Amino acid sequence: MSNLKGTSITWLGHSFVHVQTQVGTSILIDPFMEQNPAFPKGYAMPDKVDAILVTHGHFDHIADAMPLAKKYDAMVVAIFEVAAWLESKGVEKTVGMNIGGSFRFKDVVATMVEARHSSAMNDGDKVIYGGEPAGFVLTVDSGPTLYHSGDTTVFSDMKLIHYLYAPEVAMLPIGGHYTMGPKEAALAANYLGVNSVLPIHYGTFPPLTGTPKQLETYLKGTGIEVVMVNAGETLR
Ligand code: NI
Ligand code: MN
């Protein structure tokens, strides 16, 4: 595992991740708790959350953004259309941004980067356009640089993410069906030039059949480590 220099990463099942920096900045990405079959039962959520990052509008990434924003009085960072929708639903602190932009929060710079997917919110019986899907690069002042791709397949411009931000750890979906699977994720890890991959978005629902073991097989000989953790475990 890469040296996280005091930052911790806790995988909470599916694409839901808690990142905490050395100085205590506490960030949730793609909060999915109540209806998340992979959320670790009985897990004690952090006392404090400063910011919630949402990669796109699909329910399995946004479902708990509203209740958790309220509970923690946290700001929600998302692409313009998603942020505007959350605001219309009563989320008080939203930051709407777009691909290529960066937002500094305490010791973390969150940069929104592209993803190859779709994005929409279910709102009663309507489906609301959610703008472009996104990923986030988190550049922590004291290190490390992390990348959470959101839902995506591999795309060759992941090389740009490497050139521009040089993330050390990538959180990549590997389940397949709605996102890339292990084969594509292995190429993504190579394009990104990361040391470690934390596999996400697999096993939660029956169609998400890709496994970390398969990813490991595809990455054999590259020196890129697949981090094997159970939901609720923390990497330090
Ligand atoms: Ni999605
Ligand atoms: Mn998803």
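The single residue among SER15, SER2, SER26, SER8 that is surrounded by 16 or more Cβ atoms within 10 Å (Cβ to Cβ), closer than 18 Å to PRO144 by Cβ and within 17 Å of the chain's Cα centre (by Cα) turns out to be SER26.
Among the conditions (1) within 14 Å of ligand 1 (Cβ to nearest atom); (2) under 14 Å from the mean Cα position of the chain (by Cα); (3) crowded, with 22+ Cβ neighbours inside 10 Å, the only one that LEU53 does not satisfy is (1). When ALA78, ALA63, ALA74 are checked against the criterion of being open to solvent by 10 Å² or more (accessible area, probe 1.4 Å) and either more than 16 Å from ligand 2 (Cβ to nearest atom) or not basic (Lys, Arg) (or both), a single residue qualifies: ALA63.
Can you report the number of residues in the range 134-157 which are out of contact with any strand residue (DSSP E or B) (no Cβ under 8 Å at 6 or more places or on another chain) and either modelled with pLDDT under 95 or open to solvent by less than 20 Å² (accessible area, probe 1.4 Å) (or both)?
Within the range 134-157, residues that are out of contact with any strand residue (DSSP E or B) (no Cβ under 8 Å at 6 or more places or on another chain) and either modelled with pLDDT under 95 or open to solvent by less than 20 Å² (accessible area, probe 1.4 Å) (or both) number 2.
For the range 158-206, the set of residues classified as away from ligand 1 (no atom under 16 Å from the Cβ), part of a loop (DSSP other than H, G, I, E, B) and surrounded by 24 or more Cβ atoms within 10 Å (Cβ to Cβ) consists of PRO167, VAL194, listed by residue number. Applying the set (1) in contact with a helix residue (DSSP H, G or I) (Cβ under 6 Å, 6 or more places away or on another chain); (2) outside any loop (DSSP other than H, G, I, E, B); (3) within 16 Å of ligand 2 (Cβ to nearest atom) to VAL137 leaves exactly one unmet item: (3). Scan the range 90-117 for residues that are farther than 21 Å from LEU164 by Cβ and without any contact (Cβ under 8 Å) to a residue 24 or more places away in the chain and the total you get is 3.
Filter the strands (runs of 3 or more DSSP E) completely within the range 3-103 down to those with at least 2 residues that are within 27 Å of VAL227 (Cβ to Cβ). Hits in the range 3-103: 8-11, 17-20, 26-29, 51-53, 75-79. State yes or no: is GLY6 more than 16 Å from ligand 1 (Cβ to nearest atom), free of Cβ contacts under 8 Å to residues at least 60 places away in the same chain and at positive phi? Criteria not met by GLY6.
Applying a threshold of 6 Å to beta carbon distances and a minimum spacing of six or more residues, or different chains, the list of pairs starting in the range 54-74 at a residue that is of a type in the set (Gly, Ala, Ser) and ending at one that is near ligand 1 (Cβ under 9 Å from one of its atoms) and assigned to a loop (DSSP other than H, G, I, E, B) reads GLY57/SER119.
The values are calculated or read from the model by the stated rules, or taken from the named source; none is laboratory data. Keep in mind that what you see is a predicted model, and the values were worked out from it rather than measured. All Cβ positions, even for glycine, are placed from backbone atoms using ideal geometry, and neighbour counts span all protein chains on display. Surface accessibility is based on the protein's heavy atoms, side chains included, excluding ligands, DNA and RNA. Shrake-Rupley method; radii C 1.70, N 1.55, O 1.52, S 1.80 Å.
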